Structure formats: C-alpha cells, structure tokens
Amino acid sequence: MKIAILSRNKNLYSTRRLVEACEQRGHEPMVIDVLRSYMSIASNNPETHFKGEAFPQFDAVIPRIGASVTFYGTAVLRQFEMTGAYPINESVAISRSRDKLRSMQLLSRKGIGMPHTGFAHNPDDIGDLIKMAGGAPLVIKLLEGTQGIGVVLAETKKAAESVLEAFMGLKVNIMVQEYIKEAGGADIRCLVVGGKVVAAMKRQAQPGEFRSNLHRGGSASLVKLTPAERATAINAAKVMGLNVAGVDILRSERGPLVMEVNSSPGLEGIETATGKDVASMIIECIEKNAKPHNTRTRGKG
C-alpha cells in the first residue's frame, strides 16, 4: 500500500518509527509536510499538491498533526479523505478531540468518568465556577494548551479567583477542573489502537510539580491496568471516533477519570517504557481496515 504520513518533521521519533514499520511490512510510506501541501478543490476531482505536482493516490493516511496547525492540517487530511484514502484517524475525530471542552461534553454525555469540570465566560460567575469544580485546590486549563502548557494549579480560592480573572481579562477560553489529590501527581497514558489498549504507562510528575507530561520532565514506568481502566480508555477513544488515541487517566477514589484524549500520541515514551512495537500495531490496524472511502464522514464533516 501507498501510505501518506502527515508530519512536519520526518526526523521525529514517532514519524521515523511509522516509516520503519511501513517499510518492514512491505508498504510505501511518504512523509508529507501538511503546511507545504495545498489543495485544488474542484467538482469530482479533489487534488492535493506539493511544489507544483499532484500527490499520487494513497491507500491510507496517518495524520500526525500538531495542535498548532489543527485547522490547516485537518483541511489537508479531509482532502485526502475525499480522494478515497483511508485515514487511521479521521479529520472530524481529530477536530473533536482537539476541542477540550467539546470532548469533555461528549465524554460526559456517554457517562465516562472525568473530573468535575466548569466553564464560564463572565467574571461575575467565578465564585460559582470554583464551587462546580469542588473548590480549591483546583486546576485551570487553557482550552488551546498542549503538553502541560497553560495548565495552572490554584491552591487557594483567592489564587483561583486571581488566575481566572486574569485569564478572562485576556479574553482566552479556560475551563476549571477538580484537582484529584489522591492521584499524587501521576496519570496513566493508555495507547488505544483499533479498539484495544495495546500499551500503557504510568507518568509521574517531578517533585513539586503536578503535571506529569514527559515534556515537563515527568518519568514513565510500566503499569498494570485494572479492567475498569482498560474499559474507560477504550470507551473514551470510541466516543471521540479515534482508531489511534492516547487516553490519559487519573486514578481516583471513585474510579478512573479521563483527563484528555490525544489524537496524535507520541510513540517514544510508551515504546521505551513498555518495549512494545506500537508503530507496527498501527500499520497492522491500517492493513485490516484500509478500503477506498472507508470513513464515517467521507470528507463531509
């Protein structure tokens, strides 16, 4: 199969591993920089171009679209979907998961465990917003933040009020979430591929830090999932419509709580911690499902 890998940097670990896995399984991978791709949108003849030439017909597409280029990246992916290429993660599902508020609303609707979350626009509502999240300490998140950037732990009610007033004054969208103290600065990253948890690791924050992201200096180790945690991760990925997802879970006194569902999970941390060949599992999932126009939205949404 001809497989397009949408990535801005062919030297990134995840991109290199996907190229290796494609080649090992006899496929032809091509790494494509989405920001250098452009589109011809014409009736019955959608094309995607690079440096004056149209791309060949691909059988499948693996989107590795960074959060900062979600809008343009999903537009390019949609164009490939319209040509019949099978996307391991569809453009609509990626957009859905990248919207933190929308994803939380969808998880809530399906009854999936999650921290108590509040969202408001007017500073006059800050007091009630803090109560919704269970009071201080609480976590304040920028809706556009990634890799732990734009996430603040407010340890007192006064601190929470000050941070919320500052963010609202800047006209940025934020949400507040319950702080799960018993998680102890740790979360679990579950890698879901094709409706199964294929790998999982525990990420532990550095001393004095509550964000466990590996980009923030957190450490990774093997972890054994409970049946409830496994089911929660699978259901969260399903709700988002993602075939490949990194589902971040907190262990709480009331069971597993989903913090985030990532549509382009990094492979380095989890492959290193677990010793599993996740890249090959992703290619195997494509082999099982890649058929022309085998998408839910067919480029419409």
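Below, the figures for the structure above:
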read-out	value
Yes/no for Glu268 being at pLDDT below 95, touching a Leu at 6+ places or on another chain (Cβ under 9 Å) and surrounded by fewer than 17 Cβ atoms within 10 Å (Cβ to Cβ)	yes
In the stretch 153-176, the residues that are in contact with a strand residue (DSSP E or B) (Cβ under 9 Å, 6 or more places away or on another chain), within 14 Å of Ala120 (Cβ to Cβ) and of a type in the set (Gly, Ala, Ser)	Ala160
Residue satisfying all of: in the stretch 2-55; small (Gly, Ala, Ser), within 23 Å of the chain's Cα centre (by Cα) and not in a strand (DSSP E or B); nearest to Lys291 (Cα to Cα) among these	Ala21
Hits in the stretch 121-142 - residues which are surrounded by 16 or more Cβ atoms within 10 Å (Cβ to Cβ), modelled with pLDDT under 90 and part of a loop (DSSP other than H, G, I, E, B)	Ala133, Gly134, Ala136
Sole exception among (1) within 22 Å of Asn235 (Cα to Cα); (2) in contact with a strand residue (DSSP E or B) (Cβ under 8 Å, 6 or more places away or on another chain) for Arg96, by number	(2)
Qualifying helices (runs of 4 or more DSSP H) (wholly inside the stretch 65-120; at least 2 residues being out of contact with any helix residue (DSSP H, G or I) (no Cβ under 8 Å at 6 or more places or on another chain) and under 16 Å from Glu144 (Cα atoms))	100-109
Selection within the stretch 96-120 - of a type outside the set (D, E, K, R) and surrounded by fewer than 19 Cβ atoms within 10 Å (Cβ to Cβ)	Leu101, Gln105, Leu106, Ser108, Gly111, His116, Phe119, Ala120
Ile188 vs. criteria β-branched (Val, Ile, Thr), outside any strand (DSSP E or B) and within 18 Å of the chain's Cα centre (by Cα)	no
Pair list, Cβ < 6 Å and 6+ apart or interchain, from the stretch 243-255 residues that are under 17 Å from Val223 (Cβ atoms) to residues that are assigned to a strand (DSSP E or B) and among the polar types (S, T, N, Q)	Gly246/Asn262
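Yes/no matrix, rows are residues, columns are (1) modelled with pLDDT of 85 or more; (2) touching a helix residue (DSSP H, G or I) at 6+ places or on another chain (Cβ under 7 Å):
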residue: Ala186; (1), (2): yes, no
residue: Arg189; (1), (2): yes, yes
residue: Gly194; (1), (2): yes, yes
residue: Arg203; (1), (2): yes, yes
residue: Leu214; (1), (2): no, yes
residue: Ser219; (1), (2): no, no
residue: Pro227; (1), (2): yes, no
residue: Ala231; (1), (2): yes, no
residue: Lys238; (1), (2): yes, no
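The values are calculated or read from the model by the stated rules, or taken from the named source; none is laboratory data. Just so we're clear, the structure is a prediction, and the values are computed from it rather than from any experiment. Because the Cβ atoms are built from the backbone with ideal geometry, glycine has one as well, and the counts that use them run over all protein chains shown.
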